[in-house]
Amino acid sequence: PTIHLADYRPSDHLIDRVDLDIRLDPHASRVTALLALRPNPQGKVGAPLVLDGDELKLVSLAMDGEVLLENAYTASPSGLTIHRPPQRPFTLAIETEIDPTANTKLMGLYRSSGVYCTQCEADGFRRITYFLDRPDILSIYTTRIEASREEAPVLLGNGNPVGSGDVPGTDRHYAIWQDPHPKPAYLFAIVGGRLGSVTGRFTTSEGREVALGVYVEPGKEARADYALDAVIRSMKWDEEGFGRAYDLDVFNVVAVSDFNMGAMENKGLNIFNDKYVLASPETATDADYANIEAIIAHEYFHNWSGNRVTCRDWFQLCLKEGLTVFRDQEFSSDMRSRAVHRISEVRTLRARQFPEDAGPLAHPVRPKQYAEINNFYTATVYEKGAEIVRMLKTLIGEDAFRKGMDRYFADNDGTAATVEDFLAAFATETGRDLSHFAQWYERPGTPRIAVTGTYDAAAKTYRLDFRQTRPGAGADAPPLVIPVALGLVGEDGPLAARSERVQDGVFVLDKAEDSVTFESVASRPVPSLFRDFSAPVRVEINQSDAERLTLLRHDTDAFNRWESAQRVALRIIIAAARGGSETLDGAEGFADALAAFLDQEAVNDPAFAALMLALPSEGEVASEIGANIDPDAIFAARRRLREAIALRLRDPLIVLRERLAEPAGAPFSPDAASAGRRAFRNAALDLIAVADPDRGTVLAREQIAASGTMTDRLAGLATLSQIPGDAREAELAAFAERYAGEPLILDKWLAIQAAIPEDGTIARIRQLQQHPAFSITNPNRVRSLVGVFSLSNPTQFNRADGAGYALVAETVLALDKRNPQVAARLLTAFGSWRQMEPRRRAAAEETLRGIVAVGGLSRDVADIAGRSLAS
Ligand code: ARG
Ligand code: ZN
């Protein structure tokens, strides 16, 4: 059944209080929920009470303390209806029994490596007890958790701990947790198990003493320090940047090894995929450290943007997710290099969101309908949602943005809000009408902005003409409000750019066509457009390589310096892929420009230089081409440009790699500066190996043997993985042996192999599926092997013979029976199938039709397959 935003209506009943008693048991956990209900003044009078359930077994039911007659209700695993509930406040006591060990969907209450844990967003609470499982039902929860002391010495819940003790005459104990803040059921959580922890303290700006804990598998405590540190930095940053202080006496983070997504912001008890908590120099890469910092911050920031102010319904998901991604991006930018971070945000957006927005799974940032909400935790809702918040800030300015945020929190605290409520806070604060801007939430598709520049040498004016369109949008579709941060650059450096249409460097394009004219422009300029990626759009402008390389040299905007180099590379690769010629028109000039750049700047900003060395991915090239894609041609063209660059840069890179080496014996630090040096050295290594595979092999093996950091060892292995031969196989085998028993590290080993762009990779993956390091029951393993294959190995996933599609489809079907959410996510890899050349398109379509033809698919997989095929 499809659910529509337009059908929203308030619940007929409210639940003010929830008292839970959860007796944990591996196969027969008992849950008693005492619900304090009342009719909703905003609801229908006399409506039946319809509670959600999912695979539940009802044990007993009482109303106001009396057992209910059987004809007063209807119960099934998927719901409980009380036909004639009282027209006054009343209580229901509902007892259910659940089997956490058999819960392979990892939604609701389940066990991960023996640890009891929960995941309730979006609709997992109904797998624990019958409930009004919708985010606009806010209740005060008290939770008693009871378990065998042996099995679960640690018992954690939402809110503050208020009591604990032994259950007399048994081997069991209990803990009671009270959460004073009203919350929707999706923020409920408990954890019970044998866990180690690291603890800390934080005193909030309001003077509250908060006890912090990060809980991990016993023995891994030393790997939890960085996460704890990130919690403390997040708390401080949210106070300083947004005026948001924490509001409970404890804040706990728990790492579990079986988890469907990254992490979850349950009130006071964030539960994480252990991949985003555990880190040590020996075991984690710089990318892992950066992810941990960002995701710890993300979940913590949800305490205000998500928990204190939650969503009225799931269509408003971007209200918390887009905003919280924006907040975590700002945090990471403050912790690291802002320009480098912005570039990585844009790379993610282009790699994931642009293709989504251009294919059959495209949807507005606020969708209008869904069949399965878990399929809408997408790059569009998260990443494009964050870009909308960023554009709002650009449009109204930093001060107004902060005031609007304060007002949003103040006006909506303790409520379930909508996108309209969010925008209203800024409209009220600034006196602006934001209704036109709001269209960003409603319109799918990446806007295209065509720009032409005209210089009038006599009048010394320069005019930019803009035209916006959106693929698939009808002629009557309104144009969007697009902030264009821009400037002019001349042969020798930035030019003053005066125009009354430009304020604080921003021109606002809110019509289908518009133009801006600059006065007193001494010579023909090169426009620098969408500085810092000021809007999530594609820009079409006729710029020569020479003009772009002028921007690379002289632009004041670091993002556009990088962007202009990327544009040159894209142009060269696309021309070569289309022409199939052996020549690479423009490659020499490009390589020279890179050489000059490195010479001047690599030592000062190695992180930025590393990004400069990375060519646009094959996926990005494909997404630029947009139709009739031949991944082999793209691969070959990109490879040729890489070779040309590598040959030109080899000698300087060898020198720079030495110059930027860590001094011998220097202690490891995950900070941005050292990570930047490692990133540069490893980008250099990769190119050196392209230019000279023998030398690359020697250097990579040296690095694997000598390095003390996982970043460098893994980079050595990744470089080697691109060079077929005995050395590669020997190092892969040695790595597996060295890290046997370290699943998170072996995930990286699986991922490297899944991405090898060679014909033998499918056979290799099929073998790895039998390796002890792999397990179809663990989402991280599946994503590392099959997920990485589908997303990061375009030539093999999109093999013309369909073998890549078949491999992924098989995994999807095998997984669907256990864990539909992860299966459906894997299937989204087919999202760009219509853009393939005819043979691959036919193979992909056949595979998708084959999936649909299988009976008994989950709603999750049926939804993705169905939408992927719909035209
Ligand atoms: N709210 C979580 C986060 O972004 C993610 C929950 C994802 N849930 C899901 N059903 N896919 O922080
Ligand atoms: Zn989130």
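The values are calculated or read from the model by the stated rules, or taken from the named source; none is laboratory data. All figures in this text were calculated on a predicted structure; none of them were measured in a lab. Because the Cβ atoms are built from the backbone with ideal geometry, glycine has one as well, and the counts that use them run over all protein chains shown.
Observations on the structure shown:
- Residues of segment 120-171 that turn out to be in a strand (DSSP E or B) and free of Cβ contacts under 8 Å to residues at least 60 places away in the same chain, as a count: 6
- Some residue of segment 382-404 being under 19 Å from PRO471 (Cα atoms), more than 16 Å from ligand 2 (Cβ to nearest atom) and not aliphatic (A, V, I, L, M): no
- Top-ranked residue in segment 262-290 [being outside any loop (DSSP other than H, G, I, E, B) and more than 14 Å from ligand 2 (Cβ to nearest atom); ranked as nearest to LEU746 (Cα to Cα)]: LYS275
- For segment 315-336, the criterion of being within 14 Å of ligand 1 (Cβ to nearest atom), free of Cβ contacts under 8 Å to residues at least 24 places away in the same chain and of a type outside the set (Gly, Ala, Ser) is satisfied by at least one residue.
- Test: PHE242 is within 16 Å of ligand 1 (Cβ to nearest atom) and within 23 Å of the chain's Cα centre (by Cα): no
- Scanning segment 421-454 for residues that are β-branched (Val, Ile, Thr) and part of a helix (DSSP H, G or I) returns THR428, THR430.
- Residue match in segment 103-121 (condition: under 17 Å from SER29 (Cβ atoms), within 16 Å of ligand 2 (Cβ to nearest atom) and crowded, with 20+ Cβ neighbours inside 10 Å): yes
- Annotation: of all residues in segment 373-420 being under 19 Å from the mean Cα position of the chain (by Cα) and not in a helix (DSSP H, G or I), the one that is nearest to PRO184 (Cα to Cα) is TYR377.
- Filtered residue count, segment 577-592, keeping only those that are in a loop (DSSP other than H, G, I, E, B) and surrounded by 13 or more Cβ atoms within 10 Å (Cβ to Cβ): 3
Matching residues to (1) buried (at least 18 other Cβ atoms within 10 Å of the Cβ); (2) outside any helix (DSSP H, G or I); (3) more than 23 Å from the chain's Cα centre (by Cα); (4) not aromatic (Phe, Trp, Tyr):
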residue: HIS181; (1), (2), (3), (4): yes, yes, yes, yes
residue: VAL191; (1), (2), (3), (4): yes, yes, yes, yes
residue: GLY200; (1), (2), (3), (4): no, yes, yes, yes
residue: GLY207; (1), (2), (3), (4): no, yes, yes, yes
residue: VAL214; (1), (2), (3), (4): yes, yes, no, yes
residue: TYR226; (1), (2), (3), (4): yes, no, no, no
residue: ALA230; (1), (2), (3), (4): yes, no, no, yes
residue: TRP237; (1), (2), (3), (4): yes, no, no, no
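- Of all residues in segment 575-620, those satisfying the criterion of being closer than 14 Å to ARG639 by Cα, at pLDDT 95 or above and out of contact with any helix residue (DSSP H, G or I) (no Cβ under 6 Å at 6 or more places or on another chain) are ALA575, ALA614, SER617.
- For segment 301-308, the criterion of being in a helix (DSSP H, G or I), within 11 Å of ligand 2 (Cβ to nearest atom) and either free of Cβ contacts under 8 Å to residues at least 40 places away in the same chain or closer than 25 Å to TYR226 by Cβ (or both) is satisfied by at least one residue.
- If only residues of segment 261-297 that are in contact with a helix residue (DSSP H, G or I) (Cβ under 6 Å, 6 or more places away or on another chain) and closer than 24 Å to ASP133 by Cα are counted, the one that is farthest from ligand 1 (Cβ to nearest atom) is LYS267.
- Some residue of segment 787-806 being outside any helix (DSSP H, G or I), touching a strand residue (DSSP E or B) at 6+ places or on another chain (Cβ under 9 Å), of a type in the set (A, V, I, L, M, F, W, C) and surrounded by fewer than 23 Cβ atoms within 10 Å (Cβ to Cβ): no
- Filtered residues of segment 309-328 (kept if within 12 Å of ligand 2 (Cβ to nearest atom), among the hydrophobic types (A, V, I, L, M, F, W, C) and in a helix (DSSP H, G or I)): LEU317, CYS318, LEU319, LEU323, VAL325, PHE326
Residues are listed down the side, and each one gets a yes or a no for (1) crowded, with 16+ Cβ neighbours inside 10 Å; (2) part of a strand (DSSP E or B); (3) out of contact with any Phe, Trp or Tyr (no Cβ under 6 Å at 6 or more places or on another chain):
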{"site": "PRO479", "(1), (2), (3)": "yes, no, yes"}
{"site": "PHE507", "(1), (2), (3)": "yes, yes, yes"}
{"site": "LYS511", "(1), (2), (3)": "no, no, yes"}
{"site": "THR517", "(1), (2), (3)": "yes, yes, yes"}
{"site": "SER523", "(1), (2), (3)": "no, no, yes"}
{"site": "ASP532", "(1), (2), (3)": "yes, no, no"}
{"site": "PRO536", "(1), (2), (3)": "yes, no, yes"}
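- Taking the listed residues ASN604, ASN560, the one that is crowded, with 18+ Cβ neighbours inside 10 Å, within 33 Å of the chain's Cα centre (by Cα) and under 22 Å from ARG338 (Cβ atoms) is ASN560, with no other qualifying.
- Scan segment 537-559 for residues that are in contact with a helix residue (DSSP H, G or I) (Cβ under 6 Å, 6 or more places away or on another chain) and either within 17 Å of ILE645 (Cα to Cα) or without any contact (Cβ under 8 Å) to a residue 60 or more places away in the chain (or both) and the total you get is 4.
- The single condition among (1) among the hydrophobic types (A, V, I, L, M, F, W, C); (2) buried (at least 24 other Cβ atoms within 10 Å of the Cβ); (3) more than 11 Å from ligand 2 (Cβ to nearest atom) that ALA339 does not meet is (2).
- THR380 meets the stated requirement of being polar (S, T, N, Q) and within 14 Å of ligand 1 (Cβ to nearest atom).
- Qualifying residue in segment 62-69 (condition: surrounded by fewer than 17 Cβ atoms within 10 Å (Cβ to Cβ) and of a type in the set (Asp, Glu)): yes
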